[in-house]
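The values are calculated or read from the model by the stated rules, or taken from the named source; none is laboratory data. Please read these numbers as outputs of a predicted model, since none were measured by experiment. Heads up, the Cβs are rebuilt from the backbone with ideal geometry, glycines too, and the neighbour counts pull from every protein chain shown.
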Amino acid sequence: MEKGRMRNLTMTAALNTALREEMRRDETVIVMGEDIGVYGGVYGVTIGLQREFGPDRVRDTPISEMAIAGMALGAALGGLRPVAEIMYCDFLAHAADAIVNNAAKWRYMSGGQYALPLVVRSPAGGGGGTAAQHSQSLEAWFTHIPGLKVVMPSVPRDARGLLKAAIRDDNPVVFIEHKHHYTYKGEVPAEEEIIPLGVADVKRAGTDLTVVSWSRHLTLCLEAAEILAAEGISLEVVDPRTLQPLDLATICQSVAKTGRLAVVHEAVLFGGFGGEIVAQVVQECWGDLKQPPLRIGAPFCPIPYSEPMESFVIPQVTTIVDRLRAYLA
Amino acid sequence: METKDRELLLHFYEDMLRIRFFEEKVRDVLLPQRLFRGSSHLYIGQEAIAVGVTHALRDDDYVISTHRGHGHALAKGVDPYAMFSEIMGRTTGCCQGYGGSMHLADASRRFVGEDPVIGSNSPIAAGLALAVKQRGSDQVVANYFGEGAVNAGAFHEAANLAALWQLPVLFLCENNLYAISVPVEQSSAIQDLENRACSYGLAGRRVNGQDVMAVYNAAREAVAATRQQSRPSYLVFDTYRFEGHHTADKETYRPAEEAVEEFRARDPVHLLEKAMIDDHTVDIPTTIAYRDRVREEIDAAFDRAREAPWPAPEQALRFVYTESEVR
Ligand SMILES: Cc1ncc(C[n+]2csc(CCOP(=O)(O)OP(=O)(O)O)c2C)c(N)n1
């Protein structure tokens, strides 16, 4: 393989690459979920996997989320490394018993006897008119559960490297993708790359304000940074990449440099993970802050169907630009 | 044929045409013109079920539906204009643009709502039936779901409780052979889905879902038993999903000829039309007149909905909670 060669991949292709590479490397890796076989997943992430690895390792399940997650846990206990797909993160609510009550605690309750190498992948997010039950951003639910790791990639390179790390991790990982970000393209190294869980990435260096964001909204913040740069405002955009474990050190380093923090996410602001980041930064970097931190997120309502209302609820690039500009004024 | 039967058949015919033309409008106009967002799950090919069942219900009986619920809603009398408006996100929609295609609801028609979370609507239906029973009412609750839902735990919990507590709910399984891409043979351990609830003492009955008269007769018996004896019933309708799972489905998992063949042979609208013409219930000019009239009605509803106003963005913050005081 040529060294340093890059490929331009969509999020979907990057995730598919990670699954394919890990399945080739380790025959205990199996994939299961609804419509992931012949169909290749409703967002195409598992396309071609059943053809390459066969129906025993790439299993179409009935519509049985409780069983999908519970069996992933059981299979992990039995020596496999399952990657379960839950078609929409909203339906993690069905799978939550296995994930929250069992997977997250099985090792702990057994006094450390078991390792649980399982990944539950699921797309979150709105923006396409899928309304209240197919658009939620529920990462905060899972960051609150000791024993789970929570990963939310924003760009294809991270998606591939983090999914590989998640599959190799001996802990249950909730891996949250964004359903309106699958076609987003970016450079991915042709060579193998594992991106460790718990290491943030400074996606854009700047001096005036640290903006922390993840998943699709991280890329909206990069767009906002570009627009504000033309006005002479310099944003530093930090992507934690994993919310649990959280790389607070990288965020604090950035805040020490800029003296200001804004957290931007698509999820409902109240009780959202942005609050945790702000609280931690305020505790750790109080002396560095020149201004109270800013949080941008969705207002306290479900995601409405109709376009004007949905665009009002989900922070848009223009909203982010306006809020950040006003904050710095 | 008695006039009464003739009238009934013509009612079926009209209601089935209304659903067919509504869905064709979604497929042929709303979709290419991008007049709706997300996806829409068409009921084409399954019309006989909603129409046959609804005619066996009373106006004050409840219906709780699925993601594939346009037909259930129209059959229950929800206004096509309010439905088109909703699907296009307008304030004149039956849910004022908050819900869209997958969340149609009209309390005034006792169309409790669509629930696109597979399996979840059966416990809700059983709970409604509990309320009905507790109130001493003789209403029944019709709970539609696809065959994919019988593999969800929620369905089984609901079926058991409905049987245990003798609740007036009709479990109505529409077996259209596919759950998105997964054929029923690959999702259910047994293929006779009418037996999927027999461990709760709930014997199912299998019905030809393409024959509106067969649906109606089976539903009438089931509704009568459920209403009079206050107990659940379970019907499984054999049908076929003529279109893709939703409007964006590329249908890579089933051969295209399969759909076309099935469509010709088992189209419930054509079957009814042919039966009525063959036994001289109607002549061809009458069917044409019906088609023209219903099509005009649908066209007019759509044209009007298309001009309807959009909600203001901040309206998104309404309806999260009730505004009433604690009672
Ligand atoms: C709990 C849950 N899991 C997954 C989905 C995604 N999904 C939507 S429709 C569907 C297939 C439903 O099949 P079926 O119940 O047979 O109804 P049909 O679409 O064939 O009418 C799936 C898996 C969902 N809506 N809810």
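Brief remarks on what is shown
- Of all residues in region A:19-40 being touching a Leu at 6+ places or on another chain (Cβ under 9 Å) and within 11 Å of chain B (Cβ to nearest Cβ), the one that is surrounded by the most Cβ atoms within 10 Å (Cβ to Cβ): A:Ile36
- Given (1) within 14 Å of another protein chain (Cβ to nearest Cβ); (2) surrounded by 18 or more Cβ atoms within 10 Å (Cβ to Cβ); (3) under 23 Å from the mean Cα position of the chain (by Cα), index of the condition A:Gln50 fails: (3)
- Set B:Asn143, B:Asn121: member being in contact (Cβ under 8 Å) with a residue 60 or more places away in the chain and either within 27 Å of B:Arg18 (Cα to Cα) or within 12 Å of chain A (Cβ to nearest Cβ) (or both): B:Asn143
- Single residue of B:Ile44, B:Ile19, B:Ile49 found to be within 16 Å of the ligand (Cβ to nearest atom) and either within 18 Å of B:Leu235 (Cβ to Cβ) or more than 14 Å from the chain's Cα centre (by Cα) (or both): B:Ile49
- Pairs, first of a type in the set (Ser, Thr, Tyr) in region B:167-193, second within 13 Å of the ligand (Cβ to nearest atom) and at pLDDT below 95, C-beta under 6 Å, six or more apart: B:Tyr178/B:Arg241; B:Ser181/B:Tyr253
- Some residue of region B:232-247 being within 20 Å of the chain's Cα centre (by Cα), more than 22 Å from A:Thr61 (Cα to Cα), within 14 Å of chain A (Cβ to nearest Cβ) and of a type in the set (Ser, Thr, Tyr): yes
- Count of region A:63-75 residues which are surrounded by fewer than 22 Cβ atoms within 10 Å (Cβ to Cβ) and either of a type in the set (D, E, K, R) or within 8 Å of chain B (Cβ to nearest Cβ) (or both): 3
- For the criterion of being within 30 Å of A:Gly297 (Cα to Cα) and either within 18 Å of the chain's Cα centre (by Cα) or within 14 Å of the ligand (Cβ to nearest atom) (or both), A:Thr12 passes.
- Some residue of region A:76-85 being assigned by TED's automatic domain parsing to the domain that holds A:Ala131, within 16 Å of the ligand (Cβ to nearest atom) and surrounded by 22 or more Cβ atoms within 10 Å (Cβ to Cβ): yes
- Qualifying residue in region B:178-189 (condition: more than 14 Å from every other protein chain (Cβ to nearest Cβ) and buried (at least 22 other Cβ atoms within 10 Å of the Cβ)): no
- Test for A:Val281: is it closer than 30 Å to B:Gly100 by Cα, in the same structural domain as A:Leu222 (by TED's automatic domain parsing) and not acidic (Asp, Glu): no
- Exactly one residue among B:Ala73, B:Ala82, B:Ala56 is within 16 Å of the ligand (Cβ to nearest atom) and within 23 Å of B:Tyr13 (Cα to Cα), and that residue is B:Ala73.
- The set of residues in region B:162-177 being under 19 Å from the mean Cα position of the chain (by Cα) and either within 16 Å of the ligand (Cβ to nearest atom) or among the polar types (S, T, N, Q) (or both) consists of B:Phe171, B:Leu172, B:Cys173, B:Glu174, B:Asn175, B:Asn176, B:Leu177.
- Taking helices (runs of 4 or more DSSP H) as the structural unit, those lying wholly within region B:253-326 and holding at least 3 residues that are in contact with an Asp or Glu (Cβ under 8 Å, 6 or more places away or on another chain) and hydrophobic (A, V, I, L, M, F, W, C) correspond to B:268-278.
- Residues in region B:146-174 that are closer than 18 Å to B:Pro232 by Cβ and of a type in the set (S, T, N, Q) were compared, and the one that is nearest to the other protein chains (Cβ to nearest Cβ) is B:Asn160.
- Selection within region B:70-90 - within 10 Å of chain A (Cβ to nearest Cβ), at negative phi, touching a Phe, Trp or Tyr at 6+ places or on another chain (Cβ under 7 Å) and not aliphatic (A, V, I, L, M): B:Arg90
- Some residue of region A:159-167 being more than 14 Å from chain B (Cβ to nearest Cβ), under 29 Å from A:Arg7 (Cα atoms), not in a helix (DSSP H, G or I) and not hydroxyl-bearing (Ser, Thr, Tyr): no
- Members of region B:266-310 that are of a type in the set (Gly, Ala, Ser) and within 16 Å of B:Ala48 (Cβ to Cβ): B:Ala275
- Against the criterion of being more than 19 Å from A:Glu177 (Cα to Cα) and in contact with a Lys or Arg (Cβ under 9 Å, 6 or more places away or on another chain), A:Glu236 qualifies.
- Verdict on A:Glu231 being surrounded by fewer than 19 Cβ atoms within 10 Å (Cβ to Cβ) and part of a loop (DSSP other than H, G, I, E, B): yes
- Within region B:92-118, restricting attention to residues that are part of a helix (DSSP H, G or I) and of a type in the set (S, T, N, Q), the residue that is nearest to the other protein chains (Cβ to nearest Cβ) is B:Ser101.
- Qualifying helices (runs of 4 or more DSSP H) (wholly inside region A:241-329; at least 2 residues being within 14 Å of chain B (Cβ to nearest Cβ)): A:307-313, A:317-328
- Inclusion of A:Leu162 among residues that are of a type outside the set (Asp, Glu), within 13 Å of the chain's Cα centre (by Cα) and more than 18 Å from A:Glu193 (Cβ to Cβ) is not warranted.
- Going through (1) without any contact (Cβ under 8 Å) to a residue 24 or more places away in the chain; (2) assigned to a loop (DSSP other than H, G, I, E, B) one by one, B:Glu221 falls short only on (2).
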